[in-house]
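What follows is a set of notes on a single structure, which appears directly below.
The values are calculated or read from the model by the stated rules, or taken from the named source; none is laboratory data. All figures in this text were calculated on a predicted structure; none of them were measured in a lab. Glycine gets a Cβ as well: all are built from the backbone with ideal geometry, and neighbour counts include every protein chain shown. Just so you know, the surface numbers come from the protein's heavy atoms only, side chains and all, with ligands and any DNA or RNA stripped out. Shrake-Rupley method; radii C 1.70, N 1.55, O 1.52, S 1.80 Å.
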Amino acid sequence: MLANGRMTGKEFIFENTAMRQVLSFKNNTIFIQSVFDKKTRKELIAENALSYFEFQINKKTVTSSMPVWKFIQYKERSLVNQGVEYIFYFEGKGSYKGLKIELYRQYFQNSTLTREKIQLKSAKGHNFQLNKKDGKLHLIYPRLSLNNNTEESIQEIQIANYQHWNHTFCPSVRNHTLTDNNELFLKGPFSVTCTGSHKVMSTYEHASQDEAKGFRLSPVTSMKKGDIDASQGVEGDETEIKDENFRFIAHHYNQSGNTRTIATELIKGGYFDNEKIPYDSYYETVWNSFSFIGKDEKIEPLIHNYLFSQITEHPKSRESHFYYNTWAMQREQNKKGQDLRGVLTEERILREIDYAAEMNIELFVLDDGWEEALGMWTPNQKRLPNKLAPFVNRMKDHNMVPGIWLSPMAIDSLSERYRQYPEWIIRRSDGVPVAAQWGRPVFDIVGPFSALFLEDCKSLIDQGIRFFKWDAMNTFNSSLSGLNHGDNSHTEKERIERYNYLFPFYVTRIMKELREYNNDAVIEIDLTEPERCMIGLMPLQEGIFFFINNGASAYGDYSTYRTKSMRTVINDYGHLFPKELFTYAVYPNDVAPYRAQHYNINNTLIAGHGFWGDLNQLTSEERADIGKTLAKAKRVRPYIHGILIDYNAKAGASPEIYTQVDSIRAFGQIIGFSGSKANLPYKLHLNRSQLLGILNHPYTSAHESISMDFHFNKPDDTVSAFLIGNKGEKISVVSSTGQLDDIQLENNLLVINVASTSTVCVKFEDKKLIKVVGGSVLSQNADEITLHSEAGSISVTFENIS
């Protein structure tokens, strides 16, 4: 039994290999009766548990423990991510007759994670309102009361702090203490508490920055005139930015005796006082999750699995592609006097596509300049007279995914759409539009504009686009009245808070509808500026993040400095976040005096997987060599897809090694850097019987391990090694004194391409050696042969022994 849910009387019991949960509906209540860990044989839920949820409705507090919830039925849905979703339907009784609750709970095989949300509805003709209590929002859900006999600290993991020096977001892990009859409110969105026998992790899925650091700190403009890179903020926004602006939801911890309670609570923006619960739609909470592991286990794999698969039903969004983006090329040409956007002509784009194909690029993204105007998402009639068809067709000829850039909320003030919808333009108190990216006005997306933008994207999908980069989704603090975040009965502050709370709901809903329109469509959210507000867990339900432009450096920096700055992203987040959630781009150019091409390419093999810059500056030989490297990486990629990166040091250390290896199937890659000249003996445990060989670096091996001596011969040197498995074919190149450029095994024919003078040892089992072509035989016995070659190809033919 991998996973099973069933009703037994008034109890719903879910059981898998890891846990057993009991959700009770006895006496018209709703409560979590049990969460039982099968591994430790321990119960997590305290006997004196507080109510599972608590709302303020029609000016009264209503809880899950009140006998007013009649269970009606449940439905079951299989999830794309191998989970199962149960929807439980309840109707209110007594004074709550006509109030409906839909409780969504998702479970997964071999996992302790439960993901859940609630939707509230009113029956037609009934009036139910959400209210504040004592002047504050009062919506508590979910709430768990845990057996706890320890005073260990509570760990909070924030993911949207800002590093001003590196011009990027970063995580922050903070430890908090909790004493008896005390309480903590933590922003999260991750928090982990120890109960004595377990670590229990809670999450909520929303999106916002963690702090005002790096943000505009006053109503003063964040734009610097004449600086194109600074034209990314919001000019004219009169809202003073403080840390508290971004506190919409909190994890509320308290301790009473041996019971520790964790609750997710709304802080601001979640609803208006007296907001009606609709009958023709619903009021919904964010998705939440809780999960547990043993007290001595690491929390990182739990987070990684949650973000890689359990949070999403869009596995396409987790597929990695080596991609090229045109923006840095446009910047290069702009420095030489060409128009920043005018360079995107049909001829130039087709040429860049062909260059990218030589490099083995899989995804090609047209950046800003393809469009008629900001907010008018049709091809520029002058530069692209044949529209998108030539590019889409050329990309498909090269097996590339067609991608395109959009600034979803931006609108050119000279466009017809701007004149058509003036009520959607975000404005200052004096009615003047705020100025966002490139100084342009912006539409309010928490309203009817969201449907219009959705249709824009669908049209592009119809034209062949399958990947979107969405840029400049900033904190705009819209106080517009009459849309979907308040009217004149609400204060300006209330409308802004409601807008900012709802913003990720609307954006993620568009992402979901595009995925449902075409399952191949993937959206990447640009997070490259401190104003970007979509950093959080909610957009990861459907898409990924473009995380950093240039970091601590700038456009046109071909040195290792910029690349090292880029690597801080995966170095900061890689222990928690799957590498597949991040993209960023490096320059592939080998420009003197840096000669950093190899370093830069190795950097993007770890994560990011992006390239930009003027590909015309590369020779055809350089593009082909890059293509060979990417081919090696793509060969191992299916086997390290979704695997946590193991690394040993901060970016810039001497040395820093990034290991991504499936040690059972013997596929993977090892990438190393060193800030100074250094040597490192490297050893990795793996099943050598499954190893075919290792490319790019000399190696030796033992029965259950491989060894390499990494030599970093200069400051900012780099090494790489690609492990190729034999897929159970019982032939292994167990050592090589030189670099192997390629190794193939098919139908008992082993072909080894030697890049430098090498002595290789081949072991085989249940095989008979028939013939050797190329290289000289140094020794041979029944199950092993040692060969020497200066360079070139070695072929060894075997036949099976019956």
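For the stretch 362-496, give the magnitude of the charge dipole about the Cα centre (Cβ charges: +1 Lys/Arg, -1 Asp/Glu; no others), in debye to the nearest 20.
Approximately 260 debye in magnitude.
For the chain, what is the accessible area per residue in Å² when the probe is 1.4 Å?
38
Using the Kirkwood radius over C-alpha pairs as Rh, can you work out the diffusion coefficient of the stretch 498-579 via Stokes-Einstein at 25 °C, viscosity 0.890 mPa s, in µm² per second?
169
Mind giving me the FRET efficiency for Lys335 and Gln780? R0 is 60 Å, r the Cβ-Cβ distance, nearest 0.05 is fine.
After rounding to 0.05, the efficiency reads 0.50.
Seen from all sides and averaged, what is the projected area of the convex hull of the Cα atoms in the stretch 305-422, in nm²?
9.9
At a Cα cut-off below 23 Å, give the lysines reachable from Lys677, other chains included and same-chain residues fewer than 8 away excluded.
Within the straight-line limit of under 23 Å, Lys677 reaches these lysines: Lys564, Lys650, Lys714.
Whole-Hz ³J(HN,Hα) for each residue in the stretch 291-299, computed from phi via Karplus 6.51 cos²θ - 1.76 cosθ + 1.60 with θ = phi - 60°, x for glycine and proline: what do you get?
My calculation for the stretch 291-299 gives 7, 8, 9, x, 4, 9, 7, 7, 7 Hz in order.
With point charges of +1 on the Cβ of Lys and Arg and -1 on the Cβ of Asp and Glu, referenced to the Cα centre of the chain, which listed residue (His252, Ser407, Thr491) lies farthest in the positive direction of the dipole?
The residue sitting farthest along the positive end of the dipole is His252.
Taking H placed 1.01 Å from N in the peptide plane, check which residues at least 5 places from Arg428 or on another chain put their amide H under 5 Å from its amide H.
Amide H to amide H, under 5 Å and 5 or more residues apart or across chains, Arg428 pairs with Val434.
Residue by residue, what Karplus-based ³J(HN,Hα) values in Hz, rounded to whole numbers, does the stretch 550-566 have, using 6.51, -1.76 and 1.60 with θ = phi - 60° and x for Gly and Pro?
Here the 3J(HN,Hα) series is 10, x, 7, 10, 8, 4, x, 8, 8, 7, 6, 4, 4, 5, 4, 4, 4 Hz.
Share of antiparallel DSSP beta bridges in the chain, in percent to the nearest 5?
For the chain, the DSSP antiparallel bridge percentage is about 85.
Can you grab the distance from the C-alpha centre of the stretch 4-36 to the C-alpha centre of the stretch 116-185, Å, no decimals?
Cα centroid to Cα centroid, the span is 24 Å.
What size of dipole, in debye to the nearest 20, comes out for the chain about its Cα centre when the only charges are +1 on Lys and Arg C-beta atoms and -1 on Asp and Glu C-beta atoms?
Around 1680 debye, computed over the chain.
What length, rounded to one decimal in nm, is gained on full extension from Lys396 through to Val432, with 0.36 nm per residue of separation minus their alpha-carbon distance?
Full-extension gain reported as 8.5 nm.
Debye sum, Cα scatterers, the stretch 539-693, no solvent: what log₁₀ I/I(0) at q = 0.09 1/Å?
-0.30
Specify which residue in the list Ile118, Ala373, Ala791 is farthest towards the positive end of the charge dipole of the chain, using unit charges on the beta carbon of Lys, Arg (+1) and Asp, Glu (-1), about the Cα centre.
So the residue we want is Ile118.
Taking the chain as the reference, fit the longest principal axis to its C-alpha atoms, fit the long axis of helix 492-517 to the helix C-alpha atoms, and give the angle between the two in degrees, 0 to 90, nearest 10.
Rounded to the nearest ten degrees, it is 50.
Collect residues whose amide H, placed 1.01 Å from N in the peptide plane, falls under 5 Å from the amide H of His138; neighbours closer than 5 in sequence don't count.
So His138 has HN proximity to Gln56, Lys133.
Starting from the Cα of Lys335, draw a straight line to each of the lysines and keep only those under 16 Å, dropping any in the same chain fewer than 8 residues away.
Cross-link targets: none qualify.
When the Cα atoms of the stretch 320-368 are enclosed in a convex hull and the volume is divided per residue, what value in Å³ results?
Measuring per residue, one finds 69 Å³ for the Cα hull of the stretch 320-368.
Taking the Cβ of His138 as the center, what net charge do the other residues with Cβ under 13 Å away carry, scoring Lys and Arg +1 and Asp and Glu -1?
The answer is +2.
Ranked by accessible surface with a 1.4 Å probe, highest first, in what order do Ser459, Ser553 come?
Output order, biggest surface exposure first: Ser459, Ser553.
For Arg509, tell me the accessible area in Å² from a 1.4 Å probe, rounded to the nearest 10.
So the heavy atoms of Arg509 present about 90 Å² to solvent.
Against the 2.2 N^0.38 Å scaling, with N counting residues, where does the chain land? I'd like the Cα-based Rg ratio to two decimal places.
1.03
How large is Rg over Rh for the stretch 573-652, taking Rg from the Cα atoms and Rh as the Kirkwood inverse mean of 1/r across Cα pairs?
0.99
If you add up the charges near Tyr253, with Lys and Arg at +1 and Asp and Glu at -1, over every other residue whose beta carbon is less than 9 angstrom from its beta carbon, what do you get?
Computed value for this residue: 0.
Got the relative contact order for the chain handy, in percent, Cα pairs under 8 Å and 6 or more residues apart?
Relative contact order here is 9 percent.
Each residue of the stretch 144-158 in order: what ³J(HN,Hα) in whole Hz does its phi give by Karplus 6.51 cos²θ - 1.76 cosθ + 1.60, θ = phi - 60°, with x for Gly and Pro?
Once θ is set to phi - 60°, the couplings for the stretch 144-158 become 10, 10, 10, 5, 8, 10, 9, 10, 5, 6, 9, 9, 9, 10, 8 Hz.
Need the full-extension length gain, Asp462 to His164, defined as separation in residues times 0.36 nm minus the C-alpha distance. One decimal, nm.
Here the segment from Asp462 to His164 would lengthen by 103.3 nm.
Going 7 Å from the Cα of Ile664 along its beta-carbon direction, which residues of the stretch 717-755 have the amide nitrogen within less than 17 Å of the resulting point?
The answer is 725-729, whose backbone nitrogens lie closer than 17 Å to the label point.
Please state the relative contact order of the stretch 293-363 as a whole percent: Cα pairs under 8 Å, 6+ residues apart?
After rounding, I find 35 percent.
Could you state the principal axis extents of the C-alpha atoms in the stretch 1-66, from the largest down, to the nearest angstrom?
Result for the stretch 1-66: principal-axis Cα extents of 45, 22, 16 Å.
Calculated FRET efficiency, Lys70 and Asp646, Cβ-Cβ r, R0 45 Å, to nearest 0.05?
0.30
Placing unit charges on C-beta atoms (Lys and Arg positive, Asp and Glu negative, everything else neutral), compute the dipole magnitude of the stretch 480-632 about its Cα centre in debye, rounded to 20.
The dipole magnitude comes to about 380 debye.
Considering just Cα atoms, how many Å³ per residue does the convex hull of the stretch 630-707 enclose?
Per residue, the Cα convex hull of the stretch 630-707 comes to 103 Å³.
For the stretch 540-581, what is the convex hull volume of the alpha-carbon atoms per residue, in Å³?
Measuring per residue, one finds 73 Å³ for the Cα hull of the stretch 540-581.
Based on the Cβ-Cβ distance of Glu297 and Thr8, what FRET efficiency does E = 1/(1 + (r/R0)^6) give at R0 = 25 Å, to the nearest 0.05?
Here the calculated transfer efficiency is 0.20.
Give me the number: length gained by fully extending Thr700 to Ile770, i.e. 0.36 nm times residue separation minus the C-alpha to C-alpha distance, one decimal in nm.
22.7 nm
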